[in-house]
Amino acid sequence: MRTQMATEAGRTTAPSEDRALVGPNLLAVLDGVTAKPETGCEHGVGWFADQLSAEILRAAHLEPGEALKEAVEKAAGLHSGSCDLDHPDSPSVAIAVVQVKGDVLRYLVLGDATVVVDTKQELLVVSDTQTKRTAGAKASDVEHALQGEVALQDVRRVAVLSDGAARAVDLFNLFDWRQALELMAANGPDDLIRRMRAVEKEDAKAVEWPREKISDDATVVYLDR
Ligand SMILES: [Zn+2]
């Protein structure tokens, strides 16, 4: 299997709060929720995304839902002494995880991250853009995740994206998901981000495509067999 990754900050003036993970048996994209002025946390969203990423890799032997629950608990433990984790705007991330274990591919999506799985039978596109659910300080957050599994032998390719990258398809309609996978197979995931940035630049005042952020942190992990 071949894995490729592309990530680019939405602005040149601030570090990206997206994280991409490629572990021995899992892929993940984390997208830190833009911090409010008050969060109860002295560390920040980037720090939180880093800690959660590290804990997910440590828990990668577990199934995605269990791994994320454990990672959330461990990350919370790292700052429960110094920060108010009951604050409603405590740092959190939208997250998508894909895990290959034995003959099964499992996926988990919490929030507006996207998993696309191209199988011999169908194209699965999984995202939760309707709710504001994210993974923050409480393991119970993970109960809202969308999860599923596919027989590995049926999987042709997989993409995991933050919403800042998925908007190439679901906001700008530059291509449909199947075409997006074709593009990534041919040119790599960085080409998807490059083409999307060109459109964002052309519509720099968000007139043609109304959107809150002109450009958002954009991350893609792409896997094919
Ligand atoms: Zn903190």
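The values are calculated or read from the model by the stated rules, or taken from the named source; none is laboratory data. All figures in this text were calculated on a predicted structure; none of them were measured in a lab. Virtual Cβ from ideal backbone geometry, glycine too; neighbours counted across all protein chains shown. We work out accessible area using only protein heavy atoms, side chains counted, and drop any ligands, DNA or RNA first. Shrake-Rupley method; radii C 1.70, N 1.55, O 1.52, S 1.80 Å.
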For the chain, the per residue accessible area (1.4 Å probe, Å²) is 47 Å²
W209-V104 pseudo-label distance in nm [points 7 Å out on the Cα-to-Cβ vector]: 3.7 nm
Descending Cα extents along the principal axes, the stretch 2-224, whole Å: 48, 47, 26
Mean residue ellipticity (222 nm) of the chain, computed from DSSP H runs ≥ 4 via -39,500 (n - 2.57), nearest 500: -9000 deg cm²/dmol
If I build a Gaussian network model for the chain, linking alpha-carbon pairs within less than 10 angstrom, which residue out of A159, A60, A94 has the largest mean-square fluctuation? A60
Which one of G148, G136, G65 has the biggest mean-square fluctuation once the chain is modelled by GNM with Cα springs under 10 Å? G148
Please arrange D176, D89, D31 by accessible surface area, largest first, computed with a 1.4 Å probe and ligands excluded. D176, D89, D31
Have a look at E17, E143, E208 and tell me which one the Gaussian network model of the chain (Cα, springs below 10 Å) gives the largest fluctuation. E208
Please report the relative contact order for the stretch 2-224, taking Cα pairs under 8 Å with a sequence separation of at least 6, and give it as a percent rounded to a whole number. 26 percent
If you roll a 1.4 Å probe over the chain with all protein chains in place, what percent of the accessible area is carbon or sulfur? 47 percent
Just to check I understand the Karplus step: with θ = phi - 60° and J = 6.51 cos²θ - 1.76 cosθ + 1.60, what whole-Hz values come out for the stretch 10-22, glycine and proline as x? x, 10, 7, 9, 9, x, 5, 10, 8, 9, 10, 10, 10
Mind checking the stretch 64-131 for GluC sites (Glu not before Pro) that DSSP puts in a loop (not H, G, I, E or B) and that have at most 15 other Cβ atoms within 10 Å? E122
Just check the stretch 48-134 against the gyration tensor rule for me: Cα atoms, a ≥ b ≥ c as the square roots of the eigenvalues, rounded for a/c under 1.5, and otherwise prolate or oblate depending on whether a/b exceeds b/c. oblate
Label-to-label distance, nm, for residues given as R2 and K201 (7 Å Cα→Cβ offset): 2.7 nm
